[in-house]
Amino acid sequence: MAVFGSGASRSFGGRGPSFGFRFFCYAVLSVVLMFYDQRGGWLDTARYGLQAAIYPLQLAVNSPSAAWRWLKESFATREALQAEVDGLRNQLREQQLITMRQAALQAENATLRKLEGIQPEVIEKRLVGEVISVEVSTLRQRLLVNRGGNSGVYKSQPVVTGEGVIGQVFRTGPFSSEIILITDAEHALPVTVLRSGVRTIALGTGRSTSLELPYVPQNYDVKVGDVLVTSGLGQVFPYGLPVGRVTKVTRDPAEPLAQIQAVPIAQIESDREVLFIWSRPGHPSAPASPQELAVEAKTP
């Protein structure tokens, strides 16, 4: 058995090609391939096909790094865009604030120009005040303004806006004053119907958009749309300052007096600046003094 196995092994090994013969075959094959590659470019064609075949493998190998790089670039781009958007939003807010401030300054300048233009002949001195707080209810219609006794403000001093009369000083402090509005239920203001010259008294109703004229006889010439101005009586307001506009006239034949309602011309709740005024003594439109009122009462 040992002899048989040994002979079989030598016989199987002897049938395989020798190393020298294999080397010769490889060399001949290489020379032939180089010859045909030099003549026809076969290796380039083969290399091109091999590249196409291994491309999916290259893509699979490079995909994790490519995906990571894409994610990094995406997040970096997203962060940059978010930062840019935040910056643009901040700029937009700043521009909106600047625009609103400019609009507020323009409105304030327009209001101040209106205040400065009120009755320049009869008004000797003006003082602009800023409204600190507003109390508008059925019981009280008051303003608190940042001007007081240190600025020369005195009790019962007339106070107006760019549109018309708003009230008068109710009480003063060193640095502020309380203004009772013409719409306060405790306030009464002598007025004149500008068109017909009818004199009467405008009473506050406790509502910031309403005045009443309860003392007008039925036959007096008052119509809807008539403008009411200060009459110069009452020793407070000079003549001719706008007060209100008649909105309703009701005449009941059974009643001796007409029921008349008006709306203030001044923006009671929205004005931010008011004007304290001093009348020029001796001017024809200045408030009538007690002596002048006595003389007028005695005149037949």
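Find the residue count for segment 249-273, including only residues that are among the charged types (D, E, K, R) and modelled with pLDDT of 95 or more. Result for segment 249-273: 0. The residues of segment 122-145 that are in a loop (DSSP other than H, G, I, E, B) and within 26 Å of Pro281 (Cα to Cα) amount to a single one, Val122.
Each row is one residue, and each column tells you yes or no for (1) under 29 Å from Ile132 (Cα atoms); (2) of a type outside the set (Gly, Ala, Ser).
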{"residue": "Arg195", "(1), (2)": "no, yes"}
{"residue": "Ala202", "(1), (2)": "yes, no"}
{"residue": "Tyr220", "(1), (2)": "no, yes"}
{"residue": "Val224", "(1), (2)": "no, yes"}
{"residue": "Leu228", "(1), (2)": "yes, yes"}
{"residue": "Gln235", "(1), (2)": "yes, yes"}
{"residue": "Val246", "(1), (2)": "no, yes"}
{"residue": "Asp252", "(1), (2)": "no, yes"}
{"residue": "Glu269", "(1), (2)": "yes, yes"}
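Surrounded by 21 or more Cβ atoms within 10 Å (Cβ to Cβ), in the same structural domain as Gly234 (by TED's automatic domain parsing), closer than 21 Å to Ser231 by Cβ and touching a residue at least 40 places away in the same chain (Cβ under 8 Å): does that describe Val145?
On the way: surrounded by 21 or more Cβ atoms within 10 Å (Cβ to Cβ): yes; in the same structural domain as Gly234 (by TED's automatic domain parsing): yes; closer than 21 Å to Ser231 by Cβ: no; touching a residue at least 40 places away in the same chain (Cβ under 8 Å): yes.
No; evaluated as a whole, the condition is false for this residue.
Name the pairs: first residue in segment 203-221 and under 13 Å from Val191 (Cβ atoms), second residue polar (S, T, N, Q) and in a loop (DSSP other than H, G, I, E, B), Cβ to Cβ under 7 Å, at least 6 apart or on different chains? Here the result reads Gly204/Thr183; Leu211/Thr183; Leu211/Thr205; Glu212/Thr205, each pair linking segment 203-221 to a residue that is polar (S, T, N, Q) and in a loop (DSSP other than H, G, I, E, B).
Collect the residues in segment 120-130 that are in contact (Cβ under 8 Å) with a residue 60 or more places away in the chain and surrounded by fewer than 18 Cβ atoms within 10 Å (Cβ to Cβ), keeping them in residue-number order.
Of everything in segment 120-130, those that are in contact (Cβ under 8 Å) with a residue 60 or more places away in the chain and surrounded by fewer than 18 Cβ atoms within 10 Å (Cβ to Cβ) turn out to be Glu121, Glu124, Lys125, Arg126, Leu127, Val128, Glu130.
The single condition among (1) under 35 Å from the mean Cα position of the chain (by Cα); (2) more than 23 Å from Glu124 (Cα to Cα); (3) surrounded by 19 or more Cβ atoms within 10 Å (Cβ to Cβ) that Val193 does not meet is (1). The selection criterion, being at pLDDT 90 or above, hydroxyl-bearing (Ser, Thr, Tyr), assigned by TED's automatic domain parsing to the domain that holds Gly244 and touching a Ser or Thr at 6+ places or on another chain (Cβ under 9 Å), holds for Ser151.
In segment 182-190 there is no residue matching the filter, namely being modelled with pLDDT under 90 and not β-branched (Val, Ile, Thr).
From Gly225, Gly173, which residue is farther than 16 Å from Pro264 by Cβ, assigned by TED's automatic domain parsing to the domain that holds Trp278, small (Gly, Ala, Ser) and without any contact (Cβ under 8 Å) to a residue 40 or more places away in the chain? Matching residue, one of Gly225, Gly173: Gly173.
Of the set (1) assigned to a loop (DSSP other than H, G, I, E, B); (2) over 14 Å from Gly244 (Cβ atoms), all apply to Ile180 but (1).
Confirm whether Leu213 is surrounded by 18 or more Cβ atoms within 10 Å (Cβ to Cβ) and either of a type in the set (Lys, Arg) or at pLDDT below 90 (or both). No: the conditions fail for Leu213.
Could you tell me which of the residues Gly204, Gly234, Gly244 is touching a strand residue (DSSP E or B) at 6+ places or on another chain (Cβ under 8 Å) and at positive phi? Quick ask: steps written out before the conclusion?
Values: Gly204 fails: at positive phi; Gly244 fails: at positive phi.
Of Gly204, Gly234, Gly244, the one residue that is touching a strand residue (DSSP E or B) at 6+ places or on another chain (Cβ under 8 Å) and at positive phi is Gly234.
Would you check if Phe170 is under 20 Å from Tyr154 (Cβ atoms), surrounded by 15 or more Cβ atoms within 10 Å (Cβ to Cβ) and within 36 Å of the chain's Cα centre (by Cα)? The answer is yes for Phe170.
The values are calculated or read from the model by the stated rules, or taken from the named source; none is laboratory data. Note that this is a predicted model, so its numbers are computed, not measured. Cβ atoms come from the backbone with ideal geometry, glycine included; neighbour counts cover every protein chain shown.
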